[in-house]
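Colleague: One structure follows; several queries about it will come next.
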2 protein chains.
Amino acid sequence: MTYPGAPSPETLALLAAEFGPDLLTDPASLDARGRDDSGLLMPPAAVLLAKNAEQVARLLRLANARRFAVIPRGAGTGLAGGCLAETGGVVLDMSAMNRIIAIDADSVTATVEPGVLTGDLRRAAKSKGLFYPPDPASLDVSTIGGNAATNAGGPACVKYGTTRDYVLGLAAVLPTGEAVRVGTATRKGVVGYDLTRLLVGSEGTLGVITELTLKLLPHPAGQACVAAVFADVGAAMRAIIGVMTRGHLPSAMEFLDARCLRLVGDLLPAHVRAGLPGAPGEHGEALVLIECDGTASETAAAITDIEALCRELGALGILPAPDEAAREAAWVVRRSVSTRIHESCAVYIPEDIAVPIGEIAKMVAALPAVAKRHGIAIYAFGHAGDGNIHLNLTAPDEAERPAVEAAAEECVRLALALGGTMSGEHGVGLAKRRMLPLEIAPVSLRLQRGIKKLFDPNNILNPGKIFPEEA
Amino acid sequence: MTYPGAPSPETLALLAAEFGPDLLTDPASLDARGRDDSGLLMPPAAVLLAKNAEQVARLLRLANARRFAVIPRGAGTGLAGGCLAETGGVVLDMSAMNRIIAIDADSVTATVEPGVLTGDLRRAAKSKGLFYPPDPASLDVSTIGGNAATNAGGPACVKYGTTRDYVLGLAAVLPTGEAVRVGTATRKGVVGYDLTRLLVGSEGTLGVITELTLKLLPHPAGQACVAAVFADVGAAMRAIIGVMTRGHLPSAMEFLDARCLRLVGDLLPAHVRAGLPGAPGEHGEALVLIECDGTASETAAAITDIEALCRELGALGILPAPDEAAREAAWVVRRSVSTRIHESCAVYIPEDIAVPIGEIAKMVAALPAVAKRHGIAIYAFGHAGDGNIHLNLTAPDEAERPAVEAAAEECVRLALALGGTMSGEHGVGLAKRRMLPLEIAPVSLRLQRGIKKLFDPNNILNPGKIFPEEA
């Protein structure tokens, strides 16, 4: 089948008349909305910088009448190309619809437009003693609408879940141009099918979110963390699992493998490095970072327990972080990994497989052989508490890209064989759709395609994303 | 349209030959599976007591070939008639598929068959230091498959969410008889549409769940609670909201209104009753019960804070519950409400509307006028932390049933006007489907009917539930 693509010149003229200055066609605007963090460039024919839901509906009705593609977009921080105009078409930029409509402290909810930055929402909630927990790494620059469209998550998933768990209800415009409200403004609701969570995570293929009602929580009074170095990822994971089966529910449990640790180990304080085995720059084989939140006395007690447990389970070195400065120093180690990997190599493919927590050690242990077989390097780090491992597959030279891609597919197959999934956070977009049939069985794929057709009979909304082209 | 109903006598003979002793047709079995907790009786033509997923698939293939209704059922504790054979047909009793396949302490997940009692799952998890949080009132007698089909929840929702938040993945048989696996075995997963949460809460109309992979949490070390009496529900809700906006996330926040409190106030300890205003049996106008979980020091500190906050916000009497016996005594007050209401009246309709937390006081304040207008009594109690209010509408005489029903619909309309939903826990089934269009707009209803048709083209699985008959 062929997908709808760019509007004809006459249609483009019609759109310009219809939307006036909100329709952007200058090269800089098209170029800016032709990118996301996948590194790809696919400029659209035009951009509608939407100011309200009515404009969204008008654009989608025109797209159906005249069969062109509409590609919704938040801040474009996705890594899978999900918001790129692959077939041409009109990018629907939702970033200007960025009002925080209400932080309702009595109902402990927020009502926001989709273009609100997730970090801004978190700050607005905090100012009323409330907490919006999902924490994708991009939270200071990504939008809540994009977070919902991709069901974004981060380190906090282990305790708090992902975006999906906080979206109570939505207003959306369907691909047909009809406005719809789904879900509730309440924390419980069991009336009819769960269209809210069908739209959440659908990567902008089933509807355009124009408003969200979000569950908030009480804001925890504080946080405390501890980092520990172990001899290998197996030992690190035994500590992670030990913490969880002895009654602690940390708000983050992150890990770095040996290769990452060699890359950023110099950021560990000297007194921690000094206690570790190995040559300078080779400080143990796995770092674990565990954070707890709650009142000061709660977090202090929890961290003391967890530190003791880490020692009991073989930690080679402990980096306590009792105050905010030490906590920030520990997180700098974790956060610097991506940047340093990125800086260190020409070819870089970020995979984000997830496996059951109990299989993390097996997954990580299998990586050196994969890397060796393909002559590349693989860095593994991520979310030990939820099984989501960021695999950064790299090579120093562009000529090795096919080897890196082959290794990436091998890693995905390995994760699936361990009961995992090919993506814990990034989504499918266009980057992973050729691999979709590895994970999704034909009967499930048929239902999913049926849902797409039910919502979008002319396939005008973000066509070609998620699903491989039908034979 | 007419729905598929009972199998013909020839088909019934075929089923008997196909399934042998697993097909039940004796009157006692049909009568037992013709009931749920709605009080209705709708005996099926036969019952298949399924032993495995292959039998489920065979039954559904036959139902499509010969156009009879199949009605899946767990323990039958639903209050909305969702598992009753309204059009006749074959009840598919899943209660014998009740193996706990695995409690995986390394991955902090459980894999179970649908007939496992929720209480048994909770105990099995606890024995490994793990916790399955959803706590519908029926948990000792209801099945996890039924809980998933109805997205069951209870008091723990305020902190832990509902069943939906714990179902990572499912095996199901589609109405067409095809087996499918949806979701993941991991805590994060963003590949394709969320069919898991489409099946969860679909009240057995989109598929028959044959296996569930569930997220578990670390088991909290202990619990502590406090109960407080306030002058009215408004004051009680100010305390509830005050607790949540000052950093506490209790594991339960329950309330009883004045009428409930008069019914069970005698269960309060004498020293608490003595401190309260009003005549004997009239002890304040609202009771709040707040429970926290965590380590002993965490819960003790939290309860001390919360008790002080309740006093500051006008509590007339406080019932501390520092130990297990006192805690149980406090919960007895809460749990006795339903039983005493049930015992005290001939006509009894349980509604379970939910409203935003900030609207609870307004909702409860409006009830006396509704009750007076219809000449009936309305008791309100439930989950202050999530807005789900159990309204028990009662009258002493069967002749007053129409008045009770009219008042129930008025309460639903009131909840919807306050931004709420007609059901927080019970679901639609057949009890509320005539009211569905009050809450679900035509465009959403069209999509939901489209999804039903996509999954179940011949409408053989639990026909007629949730959706009102099309004109």
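Colleague: Open to solvent by 20 Å² or more (accessible area, probe 1.4 Å), free of Cβ contacts under 8 Å to residues at least 40 places away in the same chain and within 14 Å of chain A (Cβ to nearest Cβ): which single residue out of B:ALA361, B:ALA301 fits that description?
Modeller: Numbers: B:ALA361 fails: free of Cβ contacts under 8 Å to residues at least 40 places away in the same chain.
One residue alone meets the criteria, B:ALA301.
Colleague: I've got another one for you. For the subset of segment B:21-44 comprising residues that are polar (S, T, N, Q) and open to solvent by 30 Å² or more (accessible area, probe 1.4 Å), which member is modelled with the highest pLDDT?
Modeller: Ranking the qualifying residues of segment B:21-44, first place goes to B:THR25.
Colleague: Just checking, does segment A:348-357 include any residue being within 14 Å of chain B (Cβ to nearest Cβ), part of a helix (DSSP H, G or I) and modelled with pLDDT of 95 or more?
Modeller: yes
Colleague: Give segment A:400-449 a look and list any residue that's farther than 25 Å from A:VAL337 by Cβ and open to solvent by less than 40 Å² (accessible area, probe 1.4 Å), or say none.
Modeller: A:GLY419, A:LEU430, A:LEU436, A:ILE440, A:VAL443, A:SER444, A:LEU445, A:LEU447, A:GLN448
Colleague: For segment B:114-131, give me the residue count where each residue is within 14 Å of chain A (Cβ to nearest Cβ) and touching a Ser or Thr at 6+ places or on another chain (Cβ under 8 Å).
Modeller: Going through segment B:114-131 one residue at a time, the tally reaches 3.
Colleague: Looking at segment A:175-199 only, could you name the residues that are more than 7 Å from chain B (Cβ to nearest Cβ) and in contact with a strand residue (DSSP E or B) (Cβ under 9 Å, 6 or more places away or on another chain)? Please lay out each step first, then the result.
Modeller: So in segment A:175-199, the residues more than 7 Å from chain B (Cβ to nearest Cβ) come out as A:175-177, A:179, A:183, A:196, A:199.
Correct list: A:PRO175, A:ALA179, A:GLY183, A:THR196, A:LEU199.
Colleague: Oh, and also: Criterion first (over 19 Å from A:LEU249 (Cβ atoms) and more than 9 Å from chain B (Cβ to nearest Cβ)) does A:ASN151 satisfy it? Don't jump to the end; show me each part of the working.
Modeller: Working: over 19 Å from A:LEU249 (Cβ atoms): yes; more than 9 Å from chain B (Cβ to nearest Cβ): no.
For A:ASN151, the condition - over 19 Å from A:LEU249 (Cβ atoms) and more than 9 Å from chain B (Cβ to nearest Cβ) - is not met.
Colleague: If the requirement is being free of Cβ contacts under 8 Å to residues at least 12 places away in the same chain, over 26 Å from B:MET422 (Cβ atoms) and of a type in the set (Val, Ile, Thr), which of these qualifies: A:THR176, A:THR245?
Modeller: On the way: A:THR176 fails: free of Cβ contacts under 8 Å to residues at least 12 places away in the same chain.
One residue alone meets the criteria, A:THR245.
Colleague: Can you tell me which residue within segment A:80-101, out of those that are part of a loop (DSSP other than H, G, I, E, B) and of a type in the set (Gly, Ala, Ser), is farthest from the chain's Cα centre (by Cα)?
Modeller: So the residue we want is A:GLY89.
Colleague: Just for helices (runs of 4 or more DSSP H) wholly inside segment A:142-257: which have at least 2 residues that are open to solvent by 10 Å² or more (accessible area, probe 1.4 Å) and among the hydrophobic types (A, V, I, L, M, F, W, C)?
Modeller: Numbers: elements: A:144-149, A:157-160, A:195-199, A:233-245.
Here the list reads A:233-245.
Colleague: What number of residues in segment A:154-174 are closer than 30 Å to A:ALA354 by Cβ, in contact with a Ser or Thr (Cβ under 9 Å, 6 or more places away or on another chain) and more than 9 Å from chain B (Cβ to nearest Cβ)?
Modeller: Adding up the residues that qualify gives 10.
Colleague: Take the residues in segment A:319-347 that are part of a strand (DSSP E or B) and at pLDDT below 90; name whichever of them is surrounded by the fewest Cβ atoms within 10 Å (Cβ to Cβ). Walk me through it before giving the result.
Modeller: First pass over segment A:319-347, keeping only residues part of a strand (DSSP E or B): A:319-321, A:347.
Those still in the list that are at pLDDT below 90 too: A:319-321.
Details: A:LEU319: 23, A:PRO320: 17, A:ALA321: 21.
Result: A:PRO320.
Colleague: Same structure again: Just to be sure, is B:SER251 more than 9 Å from chain A (Cβ to nearest Cβ) and of a type in the set (Ser, Thr, Tyr)?
Modeller: On the way: more than 9 Å from chain A (Cβ to nearest Cβ): yes; of a type in the set (Ser, Thr, Tyr): yes.
Yes; evaluated as a whole, the condition is true for this residue.
Colleague: Kindly indicate whether B:THR77 is outside any loop (DSSP other than H, G, I, E, B), within 25 Å of B:GLY201 (Cβ to Cβ) and of a type in the set (S, T, N, Q). Outline the logic, then answer.
Modeller: Values: outside any loop (DSSP other than H, G, I, E, B): no; within 25 Å of B:GLY201 (Cβ to Cβ): yes; of a type in the set (S, T, N, Q): yes.
Judged against the criteria, B:THR77 is not a match.
Colleague: Within segment A:258-274, work out how many residues are in a helix (DSSP H, G or I) and farther than 12 Å from A:ALA286 by Cβ. Give the steps one after another, and end with the answer.
Modeller: Of segment A:258-274, the ones in a helix (DSSP H, G or I) are A:258-267, A:270-274.
Narrowing further to those that are farther than 12 Å from A:ALA286 by Cβ: A:263-264, A:266-267, A:270-274.
Here the count works out to 9.
Colleague: On the basis of being under 10 Å from the mean Cα position of the chain (by Cα) and of a type in the set (D, E, K, R), does A:ASP165 make the cut?
Modeller: On the way: under 10 Å from the mean Cα position of the chain (by Cα): no; of a type in the set (D, E, K, R): yes.
In short, no.
Colleague: On to the next question. Every residue in segment B:453-466 that is in contact with a Pro (Cβ under 9 Å, 6 or more places away or on another chain) and either open to solvent by 10 Å² or more (accessible area, probe 1.4 Å) or closer than 12 Å to B:LEU174 by Cβ (or both), please.
Modeller: Step one: of segment B:453-466, the residues in contact with a Pro (Cβ under 9 Å, 6 or more places away or on another chain) are B:455-463.
Residues satisfying the conditions are B:PHE455, B:ASP456, B:PRO457, B:ASN458, B:ASN459, B:ILE460, B:LEU461.
Each row is one residue, and each column tells you yes or no for (1) over 17 Å from A:ASN52 (Cβ atoms); (2) open to solvent by 10 Å² or more (accessible area, probe 1.4 Å); (3) of a type in the set (A, V, I, L, M).
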{"site": "A:LEU79", "(1), (2), (3)": "yes, yes, yes"}
{"site": "A:ALA85", "(1), (2), (3)": "yes, no, yes"}
{"site": "A:LEU92", "(1), (2), (3)": "no, no, yes"}
{"site": "A:ASN98", "(1), (2), (3)": "no, yes, no"}
{"site": "A:ALA105", "(1), (2), (3)": "yes, yes, yes"}
{"site": "A:GLY115", "(1), (2), (3)": "no, no, no"}
{"site": "A:THR118", "(1), (2), (3)": "yes, no, no"}
{"site": "A:ARG123", "(1), (2), (3)": "yes, yes, no"}
{"site": "A:GLY129", "(1), (2), (3)": "yes, yes, no"}
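Colleague: Which of the residues belonging to segment B:1-22 are touching a residue at least 40 places away in the same chain (Cβ under 8 Å) and among the aliphatic types (A, V, I, L, M)? Walk me through how you get there before you give the answer.
Modeller: To start, the set of residues in segment B:1-22 that are touching a residue at least 40 places away in the same chain (Cβ under 8 Å) comprises B:1, B:3-8, B:11, B:14-15, B:18-19.
Scanning segment B:1-22 gives B:MET1, B:ALA6, B:LEU14, B:LEU15.
Colleague: Within segment B:436-445, how many residues are in a helix (DSSP H, G or I) and at the interface with chain A (Cβ under 9 Å from one of its Cβ atoms)?
Modeller: Initial filter on segment B:436-445 (in a helix (DSSP H, G or I)): B:436-439, B:442-445.
Those left that are additionally at the interface with chain A (Cβ under 9 Å from one of its Cβ atoms): B:436, B:439, B:443-445.
Matching residues across segment B:436-445 total 5.
Colleague: Picking from B:ALA156, B:ALA152, which residue would you name as being touching a residue at least 40 places away in the same chain (Cβ under 8 Å), touching a Leu at 6+ places or on another chain (Cβ under 9 Å) and aliphatic (A, V, I, L, M)? Talk me through it step by step, then tell me what you get.
Modeller: Numbers: B:ALA156 fails: touching a Leu at 6+ places or on another chain (Cβ under 9 Å).
Result of the check over B:ALA156, B:ALA152: B:ALA152.
Colleague: Right, here's the next one. Being within 29 Å of the chain's Cα centre (by Cα) and either in contact (Cβ under 8 Å) with a residue 12 or more places away in the chain or over 25 Å from B:PRO134 (Cα atoms) (or both) narrows it down to one of B:VAL332, B:VAL272, so name that one.
Modeller: On the way: B:VAL272 fails: within 29 Å of the chain's Cα centre (by Cα).
It is B:VAL332.
Colleague: Collect the residues in segment B:370-399 that are open to solvent by 20 Å² or more (accessible area, probe 1.4 Å) and part of a helix (DSSP H, G or I), keeping them in residue-number order.
Modeller: Result: B:LYS372, B:ARG373, B:HIS374, B:GLU398, B:ALA399.
Colleague: Next question, about the same structure. Show the residue pairs meeting these rules: Cβ distance below 8 Å; 6+ apart or different chains; first residue within segment A:413-432 and on the phi > 0 side of the Ramachandran plot and more than 7 Å from every other protein chain (Cβ to nearest Cβ); second residue open to solvent by 30 Å² or more (accessible area, probe 1.4 Å) and outside any loop (DSSP other than H, G, I, E, B).
Modeller: Cβ pairs passing all conditions: none.
The values are calculated or read from the model by the stated rules, or taken from the named source; none is laboratory data. As the structure is a prediction and not an experimental result, all values here were calculated from the model. Cβ atoms come from the backbone with ideal geometry, glycine included; neighbour counts cover every protein chain shown. Surface accessibility is based on the protein's heavy atoms, side chains included, excluding ligands, DNA and RNA. Shrake-Rupley method; radii C 1.70, N 1.55, O 1.52, S 1.80 Å.
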